[in-house]
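**Q** The structure is given below, and queries will be raised subsequently.
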Amino acid sequence: MRHNPNFNPPFSKTRVDSFSRMRLIGPFIFNVLLIVTGTALKVYSEWNKNDRKKREIEVQRASTELHFLKHQLSPHFLFNSLNSIYSLTTKKSNDAPEAIITLSELMRYMLYETNSEFVSLSKEVEYIQNYLKLQRLRIANNKDVILNIRGAIANQKIRPLLFISFIENAFKYGTDFKGHTEVKIEINIQDNDLHFKCINVIGNRKTDKGSSGIGLQNTKERLELLYPNKHKLEVQEKDSRFVVNLELKLD
């Protein structure tokens, strides 16, 4: 029988060596894979944990800032309203008692109905109407104090106390040298889009950067926190008027 030099028996030395190497290397590769997979899972778990913690800290920070901004707003509003009532009492006006009742309604809303994340838009509008009522009692020439509301407000929700700083500022500086007050407010709602516009004449009262800026800056910061990428705010002087335009996408 002739010997075939290319023939390898089933269990040749070469195949035995390869099999032996695989028996040695296989567990090593398997252990490496286990270590790599375990490390990857651990890294992902830590990243996920840190990311969740970071989001929780961000939410807590935003909540703390909103709490501070809201409590900063309340005293500012109260001081301005008390000034309005004080002007009535110095004139011995018969409207002073009604003004006090209206102020109590305003404070009740601020203290007890704005603790929720959202409030009814109809309640917020009623609050604005009461504020204008208080101002009309204070102002002798109030025929150009106007509030127009268009659209359905009954079923809409909004973050509380977003507009009051703009309105306060309008009344504070919206009286000209003849004692004429011009404040015009429009609230238009179409589906989930709200457009707020507030116009006041630029009066002869010198702007107090230290006080008027608090409320306006407060509102800007709250809008950034509460409606990120869902609002557009423009504040400008035009034709001897101070104009605020706010477009808001309601949630």
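Each value in this text was obtained by applying a stated rule to the coordinates, not by laboratory testing. If you're wondering where the values come from, they're calculated on a predicted model, not measured in any experiment. Here the Cβ is made from the backbone with ideal geometry for all residues, glycine too, and neighbour counts use every protein chain on show.
**Q** By per-residue mean of other Cβ atoms within 10 Å, what is the highest-first order of 123-136, 150-163, 229-242? Can you show the working numbers first?
**A** On the way: 123-136: 19.1, 150-163: 16.7, 229-242: 12.1.
Going from most to least packed, we get 123-136, 150-163, 229-242.
**Q** Using alpha carbon coordinates only, what is the Rg to Rh ratio of the stretch 99-251, with Rh defined as the Kirkwood radius?
**A** Working: Rg = 15.2 Å, Rh = 16.1 Å.
Looking at the stretch 99-251, the ratio lands at 0.94.
**Q** What distance in nm separates the simple spin-label points at Asn115 and Ser240, each placed 7 Å from Cα in the Cβ direction?
**A** Each label point is offset 7 Å from its Cα along the Cβ direction, giving 4.8 nm.
**Q** Another question, if that's okay. Fully extended, how many nm does the chain gain between Asn229 and Tyr44 (0.36 nm per residue separation, minus their Cα-Cα distance)?
**A** Working: separation 185, 0.36 × 185 = 66.60 nm, distance 3.01 nm.
Contour length minus the Cα-Cα distance gives 63.6 nm.
**Q** Okay, next question. Per residue of the stretch 161-176, what does 6.51 cos²θ - 1.76 cosθ + 1.60 with θ = phi - 60° give for ³J(HN,Hα)? Whole Hz please, x for Gly and Pro, Karplus curve as stated.
**A** With coefficients 6.51, -1.76 and 1.60, one gets 6, 8, 9, 4, 5, 5, 5, 4, 4, 4, 6, 5, 10, x, 10, 7 Hz.
**Q** Further question on the same structure: Convert each backbone phi in the stretch 178-184 into a coupling constant with the Karplus relation 6.51 cos²θ - 1.76 cosθ + 1.60 (shift: θ = phi - 60°), then list the ³J(HN,Hα) values in order as whole Hz, x for Gly and Pro.
**A** Result, rounded to whole Hz: 8, x, 8, 9, 10, 9, 10.
**Q** Still on this structure, I have one more. Summing +1 for each Lys or Arg and -1 for each Asp or Glu, what net charge is found among the other residues whose Cβ lies under 9 Å from the Cβ of Glu186? Working shown, then result.
**A** Numbers: positive: Arg150, Lys184, Lys197; negative: none.
Residues near Glu186 contribute +3 overall.
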